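Since the structure comes first, as structure tokens, the remarks are kept for the end.
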Amino acid sequence: MIRWTQALLNTLREAPQDAEIVSHKLMIRAGMMRKLGGGLYTYMPLGFRALRKIEAIIREEMERAGAQETLFPILQPAELWKQSGRWETMGNGMFRVRDRKEAWYVLTPTAEEAFTALAKNEIASYRQLPCIIYQMQDKFRDEIRPRFGLIRGKEFIMKDAYSFDADDAGADRSYRAMYDAYVRIFKRVGLAVKPVEADTGDIGGNFSHEFMVFAASGEDGILNCEACGYAANQERAERQESASEFGGKDDAIVRVATPGKHSCEEVAAFLEKPLTQVVKSLVVLADGDPIMVLVPGDRELNELKLRRVLGGAKIEPADETTVVRVAGPCGSIGPVGVEIPVYADQSLKGAADVIVGANAEGVHLLHVSLARDAHITSYEDLVIVAQGDACPHCGKPLGLCRGTEVGQCFKLGQKYSKAFGATFLDETGAPRLLTMGCYGIGVSRTLQAIVEQNNDENGIMWPASVAPYQVALLLLDPDNAEVTAKAEALAADLEARGIDVFMDDRAERPGVKFKDADLIGLPVRVVAGAKGLSKGGFEIRRRTEKESVIVSPEQAAETIAQWLK
Ligand code: ATP
Ligand code: MG
């Protein structure tokens, strides 16, 4: 038990200016954390207890899934990162520091390199597989926009696990074990999450799920099928292939003047044609070489999909000189007659009678048939899927909502084991590359996400499993010896049952104590006052309910224990 008069705890009436979302406001107002600098927060005693409880649940579930805990240095030699190539590809997102001998180090943003290097030395034989190891540790990222408190920090706590297997089938089993552990973890900490299919980004690899919490402030778009349960990050989401609506006609090409009309919208409006009939042509650089990409006029290119189609090539916008050289003046370009590779969205397969730029200033072409008039290198899935598109599994319309990622599972394959030469000897004594997976949970982000999901207008509503304390015991008359004795006895009884008690023993008015209790949001509130006790007992209330009940001092501990079960 802790008493408020001994605790370092200050609640605030007002939220700080930079707190935009409710959980950030409440974490500060309820005294759970304090800001040290942009994207940097100190966990105060109450917030730290909640964090510790989340960590304990994660540890239990990791161990249950057969993973063992380790702890790596946060400061890592640059050489490790050069070996994987991420010293270059991580760019400004990574904090780099130098020691007195001018040797470079990284403040670890994630730890595939260090774990793979360890596995290379420690795992020699198939007999040591499968192997899953993890750590719970601070990570550092120089985020472009740190914000929302613990949701996007420069320093944050991550649980990161790595699996090593002999082959793909083994890696699938490890992936499944981690996925299932994640489902249990988020359920136990009281957070509703949705696993969605995800892109593999900078980490690399070929298969991934993100565990998302739905939130209006979320920075990720999620496409969701209510009919069959398909869900995917917008970066990754697919749609059912729909053939072009514009096919069949084989009229000859007609050149039309479209003076000053550059965007697809302007061209469509000027020619009085539907926007979907205009094909958007883009020139981009793929690993430095120009290529053309075609998508329907009402669609946006998904660069991550293009990158995947091109085997992970770096995609950049082309400069104007290049566009003019390989196609024509910007705003009037098209695929007819160009000599660079042209990739078209799959929905343009069979497209005829479409409108494209003529590669001449202020001119467009009508009645273009892509198959007849252009050289299409290949048709691929290249567009950002939007609300209302057909679900790739069942064809029903997809919904779009916003979300924040609290965890992610990746199948890495052999990307890192190859870079580090991490092999083991199989049953026949032949060396083979380890097959890997990696699995992250944003522990500090999860803490705040729980608050984002569990609150009302008066404050936080902690799920019992992670609440800093389970019971707020409000001692209304701290000067009254009899009331104090009864409250102390109840606290002792609760503690003996393993229930943590936070006693508000301040010399404050009852109204102040009630307000603070709601703000801090412990699951059960007990009021111990002379008036109530003379009427029959303690007044107890769940944080999630309006009504309180009076229970006798003899019954109180038992009732509370039942509630918290
Ligand atoms: P995001 O897309 O939100 O930037 P990410 O995909 O870059 O996250 P991962 O590399 O998958 O993140 O890291 C694993 C987990 O760490 C994430 O699921 C997330 O919960 C957490 N995390 C990542 N970046 C931050 C951050 N800046 N602050 C707090 N938690 C973070
Ligand atoms: Mg991620």
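List of remarks:
- Percent of C-alpha pairs per 20 Å bin in the chain, short distances first: 18, 39, 30, 11, 2.
- Helical contribution to [θ] at 222 nm, DSSP H n ≥ 4, -39,500 (n - 2.57), averaged over the chain, rounded to 500: -8000 deg cm²/dmol
- Computed from phi, the 3J(HN,Hα) profile of segment 90-106 under the Karplus parametrisation 6.51, -1.76, 1.60 (θ = phi - 60°) reads 6, x, 6, x, 10, 7, 10, 10, 10, 8, 5, 8, 6, 8, 8, 9, 10 Hz, with x in place of Gly and Pro.
- Subtracting the Cα-Cα distance of Ala492 and Glu79 from 0.36 nm times their residue separation leaves 143.1 nm of extension gain.
- Extension gain for the segment Glu14 to Lys418, taken as residue separation times 0.36 nm less the Cα-Cα distance, is 140.1 nm to one decimal.
- Evaluating 6.51 cos²θ - 1.76 cosθ + 1.60 at θ = phi - 60° for every residue in segment 354-364, the Karplus couplings come out as 9, 10, 9, x, 9, 6, 9, 4, x, 10, 10 Hz, glycine and proline recorded as x.
- Relative contact order, percent, segment 268-340 [alpha-carbon distance under 8 Å, six or more residues apart]: 29 percent
- Listed residue pairs exceeding 24 Å between alpha carbons, taken from Lys120/Lys159; Lys261/Lys349; Lys82/Lys314: Lys261/Lys349
- Taking only Cα atoms of segment 307-365, radius of gyration then Dmax in Å: 12.9, 35
- Against the main long axis of the alpha-carbon atoms of the chain, helix 553-564 sits at an angle near 10°.
- Sites Ala56 and Asp138 - FRET efficiency at Förster radius 25 Å, r taken between beta-carbons, to 0.05: 0.90
- Added length on full extension, which subtracts the Cα-Cα distance from 0.36 nm per residue, Ala430 to Asp287: 47.9 nm
- By the Cβ distance rule of under 4.7 Å, the chain has these cysteines without a partner: Cys131, Cys264, Cys330, Cys401, Cys409, Cys438.
- Nearest-10 value in Å² for the accessible area of Asp426, using the 1.4 Å probe: 20 Å²
- Extending 7 Å from Cα along the Cβ direction at Trp104 and again at Arg255 yields two label points whose distance is 5.2 nm.
- Nearest-ten-degree value, helix 481-496 long axis tilted from longest Cα axis of the chain: 50 degrees
- Normalised alpha carbon radius of gyration of segment 163-311 [divisor 2.2 N^0.38 Å]: 1.45
- The separation of segment 136-180 from segment 3-21, counted between C-alpha centres, amounts to 30 Å.
- The chain, relative contact order in percent, only Cα pairs under 8 angstrom and at least six apart counted: 17 percent
- Between segment 208-252 and segment 350-404, the Cα center-to-center distance that results, in Å: 14 Å
- Spatially close Lys pairs in segment 453-565, defined by Cα atoms under 21 Å apart and a spacing of eight or more places or different chains, total 11.
- For segment 462-476 and segment 484-563, distance of Cα centres in Å: 9 Å
- Surface share of carbon and sulfur [accessible, 1.4 angstrom probe, percent] for the chain: 50 percent
- Virtual spin-label span in nm between Glu457 and Asn121, 7 Å along Cα→Cβ: 6.0 nm
- Test item: Cα-centred dipole of segment 78-170, Lys/Arg +1 and Asp/Glu -1 on Cβ, debye: 480 debye
- DSSP beta bridge pairing in the chain, given as percent antiparallel to the nearest 5: 80 percent
- Integer Hz, Karplus 6.51/-1.76/1.60 couplings in order for segment 136-143, x for Gly and Pro: 10, 7, 5, 10, 10, 9, 7, 5
- Trypsin sites (Lys or Arg not before Pro) restricted to DSSP loop in segment 485-536 with at most 14 other C-beta within 10 Å: Arg497
- Estimated FRET transfer efficiency (Asn480, Ala216; beta-carbon r; R0 51 Å; 0.05): 0.65
- Loop GluC sites (Glu not before Pro), segment 387-477 (other Cβ atoms within 10 Å of the site Cβ: 15 or fewer; DSSP): Glu427, Glu457
- 20 Å cut-off, amide nitrogen to a point 7 angstrom out along Lys187 Cα→Cβ, residues in segment 29-64: 54-64
- Helix axis angle, 112-122 relative to the chain longest principal axis, alpha carbon, degrees: 80 degrees
The values are calculated or read from the model by the stated rules, or taken from the named source; none is laboratory data. This is a predicted model, so every value here is computed, not measured. All Cβ positions, even for glycine, are placed from backbone atoms using ideal geometry, and neighbour counts span all protein chains on display. When the accessible area is computed, the model is the full protein with side chains, heavy atoms only, and any ligands, DNA or RNA have been set aside. Shrake-Rupley method; radii C 1.70, N 1.55, O 1.52, S 1.80 Å.
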